[in-house]
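J.: Once you've had a glance at the structure underneath, I'll fire off some questions.
The values are calculated or read from the model by the stated rules, or taken from the named source; none is laboratory data. Owing to the predicted nature of the structure, the values given are computational and were not obtained by experimental measurement. Methodologically, a virtual Cβ is constructed for each residue, glycine included, from the backbone with ideal geometry; neighbour enumeration extends over all protein chains shown. Please note that ligands, DNA and RNA were not included when accessible areas were found on the heavy atoms of the full protein model with its side chains. Shrake-Rupley method; radii C 1.70, N 1.55, O 1.52, S 1.80 Å.
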Amino acid sequence: MQEKSAHNTAIIYSSGRKNGNTTAQANAYSKQQSGIVFCLDDYVISPYRYDKQYKNDDFYNLFEVLLRYDHWVFASPVYWYNTTPQMKAFMDRITDYMDDEALKPKLRTLRQKQFSLLSNATSPSAPDAFITMFKHTFNYLGMTFKAHSHVQAS
């Protein structure tokens, strides 16, 4: 059984600039909501593979830690209507839990969790394609959408 975190919220982010707008947005949210920040760029997350041969990969350990949190907040800049490659790799790797009968029960625990989205771009709002990709993915996994906040970055 997974041990609950003392904090209820995990802020999961990725960005092309370690100290850029997304980092500032994630840290500000963390201070306001008392969440724990996880920068995906600090982890080795290999692209999804059908053969599941991942060497020196951090995905499974990271995902197990994240399962302790009830609210997942994804933070990313908008790159051509999409998220960062590292965030996309993280999302794709969740498929590993769908493909493995032993891991499916853990994946089902997402059905009791919520998710939110933080975005930033030079535009005054995030494109629907960006928001919809997150909503469809995590709704499919059974998570409940809570909120979205967008910051127009300079």
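J.: Given +1 on the Cβ of Lys and Arg, -1 on the Cβ of Asp and Glu, and no further charges, what dipole in debye does the chain carry about its Cα centre, rounded to the nearest 20? Provide the component values of the computation, followed by the final result.
T.: Working: 17 positive and 14 negative charges, 66 e Å.
Its charge dipole is roughly 320 debye.
J.: Apply the a/c threshold of 1.5 to the C-alpha gyration tensor of segment 32-154 and tell me whether it is rounded, prolate or oblate. Write down the numbers at each step before the final one.
T.: Details: a/c = 1.76, a/b = 1.46, b/c = 1.21.
Since a/c reaches 1.5 and a/b is larger than b/c, the shape of segment 32-154 is classed as prolate.
J.: Leaving ligands, DNA and RNA out of it, rank Val151, Val78 by accessible area with a 1.4 Å probe, largest first.
T.: Details: Val151 70, Val78 30 Å².
Order by accessible area, largest first: Val151, Val78.
J.: For the chain, modelled as a GNM with alpha-carbon contacts under 10 angstrom, which of Thr22, Thr132, Thr84 fluctuates the most?
T.: Thr132
J.: Using alpha-carbon pairs under 8 Å, 6+ residues apart, how would you state the relative contact order of segment 1-151 in percent? Walk me through the intermediate numbers first.
T.: Numbers: 241 pairs, mean separation 37.2, N = 151.
Answer for segment 1-151 is 25 percent.
J.: How many angstrom lie between the C-alpha centres of segment 81-101 and segment 22-80?
T.: 11 Å
J.: If ligands, DNA and RNA are left out, what is the accessible area of Met143 with a 1.4 Å probe, given in Å² to the nearest 10?
T.: 10 Å²
J.: Could I ask something else about it? Quick one: net charge around Phe90, please, counting Lys, Arg +1 and Asp, Glu -1 for every other residue with C-beta under 15 Å from its C-beta.
T.: Numbers: positive: Arg49, Lys88, Arg93; negative: Asp41, Asp42, Asp57, Asp58, Glu64, Asp92, Asp96.
Surrounding charge for Phe90 is -4.
J.: Within the chain, what's the longest run with no trypsin sites (Lys or Arg not before Pro) in a DSSP loop and at most 14 other beta-carbon atoms within 10 Å? Give the range, please.
T.: Values: sites that count: Lys4, Arg17, Lys18, Arg49, Lys52, Lys55.
Between the exposed loop sites, the longest stretch runs 56-154.
J.: Take segment 40-97, drop everything but the C-alpha atoms, weight them equally and run the Debye formula without solvent; then report log10 I(q)/I(0) at 0.23, 0.31 Å⁻¹ to two decimals.
T.: Log-scaled intensity ratios, in q order: -1.02, -1.42.
J.: Per residue of segment 145-154, in order, report the coupling 6.51 cos²θ - 1.76 cosθ + 1.60 (Karplus, θ = phi - 60°) as ³J(HN,Hα) in whole Hz, putting x for Gly and Pro.
T.: Values, residue by residue: 6, 10, 6, 9, 10, 10, 10, 7, 8, 9 Hz.
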